[in-house]
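K.L.:
Below: one structure in structure tokens.
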Amino acid sequence: MGQEKYRNELPRVSVELARWCAERELAILGVEPPSVADVNNIEELSAVHSILMQGGVVIVEGLTNLQAIAKEKVMLMALPLKITGGDGAPVRAVAIEQ
């Protein structure tokens, strides 16, 4: 984080993967990078976000401390700020290991 490659060189969700997620009716897609798609490619960025959102997939970007999760399955809680009229909000994301 704090380096140009953090924003520009991380793996991204492709249009094909976004379609795959939407077709399988994923409820939520959480990623560590600051975006699910390439922020330098507005066309791809818009397409990936649109496909996921139209498919009912909630997008959670910028997750941290994922290395601290020890279990393969966790309960994820993403508690957003209540923002009227917005299309997104910062969340407090919590993974609960059972």
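K.L.:
Residues in segment 32-47: is at least one of a type in the set (A, V, I, L, M, F, W, C), in a strand (DSSP E or B) and out of contact with any helix residue (DSSP H, G or I) (no Cβ under 7 Å at 6 or more places or on another chain)? Walk me through it before giving the result.
P.N.:
Residues of segment 32-47 that are of a type in the set (A, V, I, L, M, F, W, C), as a first pass: 36-37, 39, 42, 45, 47.
Then keep just the ones that are in a strand (DSSP E or B); that gives none.
Looking through segment 32-47, none of the residues is of a type in the set (A, V, I, L, M, F, W, C), in a strand (DSSP E or B) and out of contact with any helix residue (DSSP H, G or I) (no Cβ under 7 Å at 6 or more places or on another chain).
K.L.:
Hey, could you check segment 24-59 for residues that are among the β-branched types (Val, Ile, Thr) and surrounded by fewer than 16 Cβ atoms within 10 Å (Cβ to Cβ) and say which is nearest to PRO11 (Cα to Cα)?
P.N.:
In the first step, residues of segment 24-59 are kept if they are among the β-branched types (Val, Ile, Thr); the result is 28, 31, 36, 39, 42, 48, 51, 57-59.
Within this subset, residues satisfying the condition of being surrounded by fewer than 16 Cβ atoms within 10 Å (Cβ to Cβ) are 28, 39, 42, 58.
Numbers: ILE28: 18, VAL39: 12, ILE42: 16, VAL58: 19 Å.
The qualifying residue nearest to PRO11 (Cα to Cα) is VAL39.
K.L.:
Hey, any hits in segment 76-96 for a residue that's within 16 Å of the chain's Cα centre (by Cα) and assigned to a helix (DSSP H, G or I)?
P.N.:
Of the residues in segment 76-96, the ones within 16 Å of the chain's Cα centre (by Cα) are 76-80, 87-95.
Pick out the ones that are also assigned to a helix (DSSP H, G or I) and you get none.
No, there is no match, as no residue in segment 76-96 is within 16 Å of the chain's Cα centre (by Cα) and assigned to a helix (DSSP H, G or I).
K.L.:
Residue by residue through segment 48-61, note down the ones that are in a loop (DSSP other than H, G, I, E, B) and either of a type in the set (Asp, Glu) or under 13 Å from VAL94 (Cα atoms) (or both).
P.N.:
The initial filter retains those residues of segment 48-61 that are in a loop (DSSP other than H, G, I, E, B), namely 55-57, 61.
Across segment 48-61, the qualifying residue is only GLU61.
K.L.:
Among the numbered conditions (1) more than 15 Å from the chain's Cα centre (by Cα); (2) of a type in the set (D, E, K, R); (3) surrounded by 11 or more Cβ atoms within 10 Å (Cβ to Cβ), tell me where GLU16 comes up short.
P.N.:
Condition not satisfied by GLU16: (3).
K.L.:
Right, next: For the list (1) surrounded by 13 or more Cβ atoms within 10 Å (Cβ to Cβ); (2) within 24 Å of VAL15 (Cα to Cα), I need the number of the one condition that VAL74 fails.
P.N.:
Of (1) surrounded by 13 or more Cβ atoms within 10 Å (Cβ to Cβ); (2) within 24 Å of VAL15 (Cα to Cα), only one is false for VAL74: (2).
K.L.:
Given the conditions (1) in a loop (DSSP other than H, G, I, E, B); (2) touching a residue at least 24 places away in the same chain (Cβ under 8 Å); (3) not charged (D, E, K, R), which single one is not true for PRO11?
P.N.:
(2)
K.L.:
Given the condition under 22 Å from ARG19 (Cβ atoms) and either out of contact with any Gly (no Cβ under 8 Å at 6 or more places or on another chain) or touching a residue at least 12 places away in the same chain (Cβ under 8 Å) (or both), answer yes or no: does some residue in segment 63-73 qualify? First the steps, then the outcome.
P.N.:
So the first thing to find is which residues in segment 63-73 are under 22 Å from ARG19 (Cβ atoms), and the list is none.
Checked segment 63-73: no residue is under 22 Å from ARG19 (Cβ atoms) and either out of contact with any Gly (no Cβ under 8 Å at 6 or more places or on another chain) or touching a residue at least 12 places away in the same chain (Cβ under 8 Å) (or both).
K.L.:
Exactly one of (1) exposed (fewer than 13 other Cβ atoms within 10 Å of the Cβ); (2) modelled with pLDDT of 95 or more; (3) not acidic (Asp, Glu) is unmet by ASN65. Its number?
P.N.:
(2)
The values are calculated or read from the model by the stated rules, or taken from the named source; none is laboratory data. Keep in mind it's a predicted model, so treat the numbers as computed, not measured. Neighbour counts run over all protein chains shown; Cβ positions are idealised from the backbone, glycine included.
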